[in-house]
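The values are calculated or read from the model by the stated rules, or taken from the named source; none is laboratory data. The structure presented is a predicted model; accordingly, all values stated were derived computationally and were not measured. Using ideal geometry, Cβ is built from the backbone for each residue, glycine included, and neighbour counts are taken over all protein chains shown. Heads up: the accessible areas ignore ligands, DNA and RNA and are worked out on the full protein's heavy atoms, side chains in. Shrake-Rupley method; radii C 1.70, N 1.55, O 1.52, S 1.80 Å.
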Amino acid sequence: MSAPPITEIEKLSAELQAMQLRRPPVDPHLRRRLMATPSMGGARPKATVRDGDQFWLVKPILPSDTEDIPRLEHATQEWGRAVGLNFAQTAYTGFGEDSALSVMRSLRFDRQHGLRVMTLSAASLLQTEYPGHSGSSAWSYPNLARTLTMIGAPQEDAIELFCRMIFNAVIGNDDDHPRNHAIHYLHDQGRWRLTPAFDVVPNPDFTPQYLAMELSHGSHQISRANALHDAKAFGLSGDEEAVELLDGLLDRIEGRFDQVRLLLGPRLESLMQERLSEGLQRMRIM
Ligand SMILES: Nc1ncnc2c1ncn2[C@@H]1O[C@H](COP(=O)(O)OP(=O)(O)OP(=O)(O)O)[C@@H](O)[C@H]1O
Ligand SMILES: [Mg+2]
């Protein structure tokens, strides 16, 4: 069954919400169509829409969300892109002041020109599982970086991963488990590459002290020392190169926040302003 067109995004979001709440269908035809398409997995309800030959993964707000998570996710993805990292392209749609509905969509990197692109999660790559295996030593950024190198991904992918680890540490995205990283096979390059970053969302409820993945061998704790400890695993030649990369990145994360403010709106802006100050303080030498 084909994915619904993007023009149906509002109806689709309402239907996904109803499914989550175990309510009867808003549109029985659409419900049947959603039930007949494969699930992408993950904790939140989602579906795919089609826009020409592009496919987007659609994630609506949930009634249990304490904040406008779709808005926060879109703004964070844009932040990563503004910093110069390879983050999936996203878009956000609110449905007006009177509507409690909002939705974000993420351009599917496992489809190109309408065809499937072979994609593998970091959970498979690291021979671990999510959910489950939490706290396992396989859940590790340095391990993932070494594995990327082992399977022939270029050096820039390991560096990109290092930068994503820092970004997650600063913004407090502690949902960075191994199913939230992936690789895909790019036929034009004839090799596996790290996919664009996806599902990068700051924890809206508290400032995390730990990431889901280890920053250095044996430790999930968010700290400057930890972020730098295993820099060699990412192909960085030594302390000096790692420090320079880290400090440059922190400056860019701080500098680009101005571009993200409007996307967040006042409430999320003040949350993230505070989070950013805390995160930078922890990751810089003060
Ligand atoms: N832009 C994308 N292109 C292709 N696949 C994607 C994209 N974004 C997410 N996915 C896939 O869909 C799965 C679920 O998406 P996502 O992680 O965004 O949802 P979630 O419900 O927030 O997940 P979680 O359980 O981590 O909170 C991902 O694990 C990944 O395999
Ligand atoms: Mg996810």
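Please enumerate the residues belonging to region 190-214 that are of a type in the set (V, I, T) and within 16 Å of ligand 2 (Cβ to nearest atom).
T195, V200, V201
Please verify whether region 16-23 includes one or more residues that are under 30 Å from F167 (Cα atoms), among the basic types (K, R) and either outside any helix (DSSP H, G or I) or touching a helix residue (DSSP H, G or I) at 6+ places or on another chain (Cβ under 6 Å) (or both).
Within region 16-23, not a single residue is under 30 Å from F167 (Cα atoms), among the basic types (K, R) and either outside any helix (DSSP H, G or I) or touching a helix residue (DSSP H, G or I) at 6+ places or on another chain (Cβ under 6 Å) (or both).
Listed residues G96, G80; which is in a loop (DSSP other than H, G, I, E, B) and farther than 18 Å from G42 by Cβ?
G96
In the set E15, E67, which member is touching a residue at least 60 places away in the same chain (Cβ under 8 Å), assigned by TED's automatic domain parsing to the domain that holds V103 and on the phi < 0 side of the Ramachandran plot?
Every option except E67 fails the conditions.
Pick from region 115-140 the residues that are in contact with a strand residue (DSSP E or B) (Cβ under 8 Å, 6 or more places away or on another chain) and away from ligand 2 (no atom under 16 Å from the Cβ): which of them is nearest to I183 (Cα to Cα)?
By that ranking, first place goes to M118.
Conditions first: (1) within 16 Å of ligand 2 (Cβ to nearest atom); (2) surrounded by 12 or more Cβ atoms within 10 Å (Cβ to Cβ). S39 passes all but one, so which condition is the exception?
The number of the failed condition is (2).
I'd like the full set of residues that are open to solvent by 40 Å² or more (accessible area, probe 1.4 Å), within 16 Å of ligand 1 (Cβ to nearest atom) and over 16 Å from I222 (Cβ atoms), limited to region 144-197.
Selection gives R179, Y185, W192.
Does P45 fit the bill of being away from ligand 1 (no atom under 11 Å from the Cβ) and without any contact (Cβ under 8 Å) to a residue 60 or more places away in the chain?
Against the criterion (away from ligand 1 (no atom under 11 Å from the Cβ) and without any contact (Cβ under 8 Å) to a residue 60 or more places away in the chain), P45 does not qualify.
Filter region 135-175 down to the residues that are under 18 Å from the mean Cα position of the chain (by Cα), of a type in the set (S, T, N, Q) and not in a helix (DSSP H, G or I) and list them by number.
Correct list: S140, N173.
State which residue pairs qualify: first residue over 18 Å from V201 (Cα atoms) and aliphatic (A, V, I, L, M) and inside region 91-106, second residue at pLDDT 95 or above and not in a loop (DSSP other than H, G, I, E, B) in any location, beta carbons under 6 Å apart, and separation of 6 or more residues or different chains.
none
Would you be able to tell me the number of residues in region 176-228 that are in a loop (DSSP other than H, G, I, E, B) and touching a Lys or Arg at 6+ places or on another chain (Cβ under 7 Å)?
So the count comes out to 4.
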